[in-house]
Amino acid sequence: MKRGEGSEPGLSAQVSGEARPAAPVDPDYPITPVPRSARRSAFSITVVLVGFTIFAPTLMAGASVGAAFHFAEFLVVLLVGSLVLGVYVAAIGFLGARTGLTTVVMSRYSFGTVGSKLASLLLGGTQVGWYGVAVGTIGQMTALAFGWSGWWAPAIVMIVVSGLMMLTALFGYEGMYWVSLVSTPLILILAFWLTFRGFAEVGGLSGIFAMEPATSMSWALAVTTIVGTFASAGTQAANWTRFARSGRHAVAACGIGFVVGNGLMVFFGAVAALAFGEGDFTTLLISMGMIGWGLFFLFGNLWKSNADAAYAFGVAGAEIASDRRKGPYIIGGVVIGTILALTGVEGHIVGYLSLLGVFVPPLGGVLVGDWIARWRHGQPPLETLTEKVRWQALVPYALGAAVAWFSNEHAVGIAPLNGIVVALVLAWALGRFASGRTAPQVPAAVG
């Protein structure tokens with residue numbers, strides 16, 4: 001039986017005689033495969049992923065890279081970095097579509113039913129931290145824009161916007177789709193307008209191509225910076241591509257989202273920094289006296305990104321508890337993230353969270369490598385998995401993370417890519433020569 005066919009929506013093939021749950025299934029299927037009846041169009045998946053990558057902090061990455069190169073060279077660096085990121089995320093997205101599973105639930109096949117908790121804690125915990133950083137940033141920027149002093153005014157803003165983000169995540173895929181469909185085009189229009197103004201500010205294309213670099217940066221560090229903008233979050237692309245009707249649709253959506261969408265944000269940030277000396281659009285718009293537009297850009301941008309983060313730690317919590325509901329874990333994570341924001345977390349742990357980003361991508365490398373070695377022709381139902389911890393995945397992950405950390409500390413190559421490749425190759429090798437599977441093979445959910 002194919003996964004999701006001839007069974008209760010969202011459930012993988014059932015063990016003979018097993019009773020079906022009486023409680024309604026979460027329509028986002030946090031720990032079970034998305035059935036074919038719930039799959040979405042390629043357009044829908046693309047809208048969600050483009051909204052995911054239109055992320056304000058990426059502008060600052062573009063600003064730092066753009067200032068270090070002649071503009072023609074920057075464009076080449078941007079292309080290389082975007083392609084590296086796009087290929088990696090497309091691989092994760094493809095697996096999501098083939099299995100119908102979130103990244104953390106897929107990890108049960110590679111890391112074991114208990115070892116997968118490592119992935120859930122790492123991915124979910126990182127997203128809770130970034131959620132708090134984004135909420136805190138909104139509160140502080142709003143206070144700055146209106147000249148508010150004291151603690152209460154920004155605190156109220158943080159609580160209100162956090163509630164909106166939580167509600168969007170609770171609506172699941174549908175909520176994130178509609179927020180993306182409305183906010184992303186408006187944000188892109190605003191970004192293109194500012195970019196055209198930037199070109200005019202420096203005398204057009206000839207002016208920006210003639211500008212000399214203000215700083216210096218190696219090619220490896222520049223590509224690492226571009227890849228690093230979304231290598232961590234991109235590891236969770238399967239959370240959304242599992243709704244795709246085919247692997248091809250997932251790959252196409254990831255390409256548009258992470259090569260085009262993320263690449264545009266890096267490009268916009270570079271142009272703004274070169275033309276105006278400020279890569280952050282919110283700060284730039286406020287300095288122009290356009291407070292309303294500045295806050296719209298900030299709210300619209302981080303609302304969608306934080307809803308994605310809340311969704312991610314919701315499904316991670318569901319995986320840890322083996323709960324078919326994501327709601328309680330979204331609410332719990334939002335409460336923790338909001339408390340972190342109220343305590344000023346954005347000024348203290350951004351560097352720490354960025355470091356965690358170095359340790360997340362190798363996890364994706366393990367999933368891809370293990371899938372190529374053992375599961376590309378099909379996977380057994382989740383219920384048949386018996387291995388609790390698989391050292392064949394933990395060892396590649398640990399070595400990949402160590403290589404990524406060393407590369408990041410000593411500027412050796414492209415740190416996230418180094419970690420991904422090491423983890424992928426080792427997971428493939430150990431999986432390929434493993435003694436065998438613990439359950440019969442069945443066809444994959446989607447071709």
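The values are calculated or read from the model by the stated rules, or taken from the named source; none is laboratory data. Keep in mind it's a predicted model, so treat the numbers as computed, not measured. Here the Cβ positions follow ideal geometry from the backbone for every residue, glycine too, while neighbour counts run over all protein chains shown.
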Yes or no: Ser162 at pLDDT 90 or above, in contact with a helix residue (DSSP H, G or I) (Cβ under 8 Å, 6 or more places away or on another chain) and closer than 27 Å to Glu383 by Cβ? no
Look at Val65 and say whether it is surrounded by 23 or more Cβ atoms within 10 Å (Cβ to Cβ) and within 19 Å of the chain's Cα centre (by Cα). no
Please pick out the residue among Thr168, Thr137 that is more than 13 Å from Gly333 (Cα to Cα), of a type in the set (S, T, N, Q) and under 18 Å from the mean Cα position of the chain (by Cα). Thr168
Show the residue pairs that are 6+ apart or on different chains and have beta-carbon atoms under 6 Å apart, the first residue being within the stretch 57-77 and part of a loop (DSSP other than H, G, I, E, B), the second being of a type outside the set (Asp, Glu). Ala67/Ala214; Ala67/Thr215; Ala67/Ala273; Ala68/Pro213; Ala68/Thr215; Ala68/Ser216; Ala68/Met217; Phe69/Pro213
In the stretch 193-230, the residues that are in contact (Cβ under 8 Å) with a residue 12 or more places away in the chain and part of a loop (DSSP other than H, G, I, E, B): Val202, Met211, Glu212, Pro213, Ala214, Thr215, Ser216, Met217, Ser218, Thr229, Phe230
Just to be sure before I move on: is Asn301 polar (S, T, N, Q), closer than 26 Å to Val77 by Cα and either surrounded by fewer than 23 Cβ atoms within 10 Å (Cβ to Cβ) or touching a Phe, Trp or Tyr at 6+ places or on another chain (Cβ under 9 Å) (or both) in the structure I sent? yes
Residue check, Ala427 touching a Ser or Thr at 6+ places or on another chain (Cβ under 9 Å), buried (at least 17 other Cβ atoms within 10 Å of the Cβ) and at pLDDT 95 or above: yes
How many residues are surrounded by 22 or more Cβ atoms within 10 Å (Cβ to Cβ) and either modelled with pLDDT under 90 or acidic (Asp, Glu) (or both) if we restrict to the stretch 375-394? 2
When both residues are 6+ apart or on different chains and their Cβ atoms are under 6 Å apart, which pairs have a first residue that lies in the stretch 267-292 and is within 19 Å of Ile189 (Cβ to Cβ), and a second that is among the hydroxyl-bearing types (Ser, Thr, Tyr)? Phe268/Thr195; Val271/Thr195
